[in-house]
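One structure is given below, encoded as structure tokens.
The values are calculated or read from the model by the stated rules, or taken from the named source; none is laboratory data. Quantities reported herein were computed from a predicted structural model and do not represent experimental measurements. FYI the Cβ positions are ideal-geometry reconstructions off the backbone, even for glycines, and counts take in every protein chain you see.
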């Protein structure tokens, strides 16, 4: 699920390059669907996307899939030069990349300052050091805070990527992580519920009984929890999807919240909570006979709920209340306007 589209990413996948360790949840080659990396392939990918891109929507070249700032310096600079040439030609508006927090330092930031970097997406995943240790991330929460600080000090926008349902991670841990990402100055966020892929240590942990994947219901509720934090702090959520959702292909997913409309389910849960809170406020002083719920453009189906789940919920909760859901221009995403009679 994307926030209201402000740009289009041209994804250039750099699989597992620059990443020294293998997290328990990650088979990066399988997740990205790309096993070899060739500069010519990157050029081809960019040209193919530009050929079909709409002229009225900004386009960014996005280096995803690995730890971009940890790859060979000459290759990194070569790729940045290539991407910047498209910026200079007016074909793209900027460059985006994903990387590990511990691969951001003064040297890297000084290099990035020479390019039109739209955002650096940091794979924070959790701000609980014990969760990071068990997940074998190889970095600490303090590494993430330092990375946010260095990027922010240089005026480079940052995005905090976090995961839901990591080993030993609790609902409270995830809410804390979302708050810390906001406090660190992130300009955006992404939420990835954990999926168990074959050929990962997490799949072994699951078979041994030391890890239990989240159900769809658990993933939806916990993702809605952290989405509420980002909304309240004014940090846009760029995407909610299964881990690996940015990728064109994927390894064999064994277990976890494997639902094709997971993002819509999360957004539906979020709107259900917002609408319920407002309606309960009215019912506390009287019994309305009807209500009109105005939602942002594009979010009508989410507010009604997947397969009408929210409509059914409200019908059951509020006897005889006639409810109408309508889209309305000008409402900021994640907000509603409620009119009752």
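General observations
- Residue satisfying condition, being surrounded by fewer than 19 Cβ atoms within 10 Å (Cβ to Cβ), assigned by TED's automatic domain parsing to the domain that holds residue 62, touching a helix residue (DSSP H, G or I) at 6+ places or on another chain (Cβ under 8 Å) and in a strand (DSSP E or B), within set 326, 254: 254
- Taken as a whole, the structure places residue 279 among residues that are farther than 23 Å from residue 240 by Cβ, in contact (Cβ under 8 Å) with a residue 12 or more places away in the chain and in contact with a helix residue (DSSP H, G or I) (Cβ under 9 Å, 6 or more places away or on another chain).
- Within segment 329-341, no residue satisfies the criterion of being in contact with a helix residue (DSSP H, G or I) (Cβ under 9 Å, 6 or more places away or on another chain), more than 19 Å from residue 268 (Cα to Cα) and in a loop (DSSP other than H, G, I, E, B).
- Only one of 219, 224 that is in a helix (DSSP H, G or I), at pLDDT 95 or above, buried (at least 18 other Cβ atoms within 10 Å of the Cβ) and touching a strand residue (DSSP E or B) at 6+ places or on another chain (Cβ under 7 Å): 219
- Residues in segment 283-323 that are in contact with a helix residue (DSSP H, G or I) (Cβ under 8 Å, 6 or more places away or on another chain) and not in a helix (DSSP H, G or I): 9 in all.
- Every pair of residues 6+ apart whose Cβ atoms lie under 7 Å, when the first sits in segment 236-249 and is assigned by TED's automatic domain parsing to the domain that holds residue 188 and within 15 Å of residue 160 (Cβ to Cβ) while the second is modelled with pLDDT under 80 and buried (at least 19 other Cβ atoms within 10 Å of the Cβ): 239/1; 240/1
- Scanning segment 4-52 for residues that are assigned to a loop (DSSP other than H, G, I, E, B) and at pLDDT 75 or above yields 7, 14, 22, 23, 24, 25, 26, 38.
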